[in-house]
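Student: Provided herewith is a single structure, encoded as structure tokens, for subsequent inquiry.
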Amino acid sequence: MKIDINNRADIISLVDTFYGRVEKDTIIGPIFTQVIRVDWAHHLPKMYDFWESVLFGKAIYKGNPMLTHFDIDKKASLKTDQFEAWKTLFFNTVDDLFEGENASTIKQKAQSIADLMHFKLNPPKPGTRIM
Ligand code: HEM
């Protein structure tokens, strides 16, 4: 029986496992390791704060993910394939490690943020029907 995501230690385990898989992913891994050359010692604690803020409503994350991803998008274009890869890895990591109400909530929140980010980075061209 898996446990739910209950505290920061659980968030740390989720984030560490997720980025361990991200690094090896053929679609988005190289963006982290070769294009941006992410400093993991800096990035991972930021992501613990981000998810603790999103899931538990603690205002500890200070940052602007949209601006960061606009910058990343200039160097490595973030399109449907990249977002699908990100979401699949995130959902599978949550499901492999946890189950329960918070596990469902974090997947829903990730989905909304990812979809919004995808939309803002790739706005429909004027005149394109989206509904
Ligand atoms: C195509 C999918 C994505 C890619 C390739 C990607 C890539 C990255 C990279 C390379 C960084 C590190 C930037 C740096 O250290 O300078 C980063 C930061 C970050 N990412 Fe993503 N990301 C993606 C989607 C997402 C999504 C869907 C979320 C949220 C649900 C997210 C949340 C964040 C946050 C909070 C940061 C830290 C921003 C900051 O405060 O500087 N990312 N991302």
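Student: Can you give the Rg and Dmax of the chain based on its C-alpha atoms, in angstrom?
Tutor: Rg and Dmax of the chain, Cα atoms, are 15.1, 50 Å.
Student: Just to confirm the number: angle between the C-alpha axis of helix 8-24 and the first principal axis of the chain, 0 to 90 degrees, nearest 10?
Tutor: 50 degrees
Student: Follow-up. Pull up the cross-link candidates among the aspartates and glutamates for Lys62, meaning alpha carbon to alpha carbon under 13 Å and not fewer than 8 places away within one chain.
Tutor: Correct list for Lys62: Asp49, Glu52.
Student: Now a separate question. Placing +1 at every Lys and Arg Cβ and -1 at every Asp and Glu Cβ, with all other atoms neutral, what dipole size does the chain have around its Cα centre, in debye to the nearest 20? Let's see the in-between values first.
Tutor: On the way: 17 positive and 17 negative charges, 119 e Å.
In debye, rounded to 20, the chain gives about 580.
Student: What whole-number distance in Å separates the alpha-carbon centres of segment 12-51 and segment 74-131?
Tutor: 16 Å
Student: Another question about this same structure. Applying a 10 Å radius around every beta-carbon, put 17-23, 118-124 in order of their mean neighbour count, most first.
Tutor: Working: 17-23: 16.9, 118-124: 13.0.
Order by mean packing, descending: 17-23, 118-124.
Student: In a shell of Cβ-Cβ distance under 11 Å around Asp49, excluding Asp49 itself, what net charge do Lys and Arg (+1) and Asp and Glu (-1) give? Mind showing how you got there, number by number?
Tutor: On the way: positive: Arg8, Lys46, Lys58, Lys62; negative: Glu52.
Residues close to Asp49 contribute a combined charge of +3.
Readers should treat all values here as calculations from the given coordinates under stated rules, not as data from a laboratory. A quick note: this is a predicted structure, and the numbers were derived from the prediction, not measured. Here the Cβ is made from the backbone with ideal geometry for all residues, glycine too, and neighbour counts use every protein chain on show.
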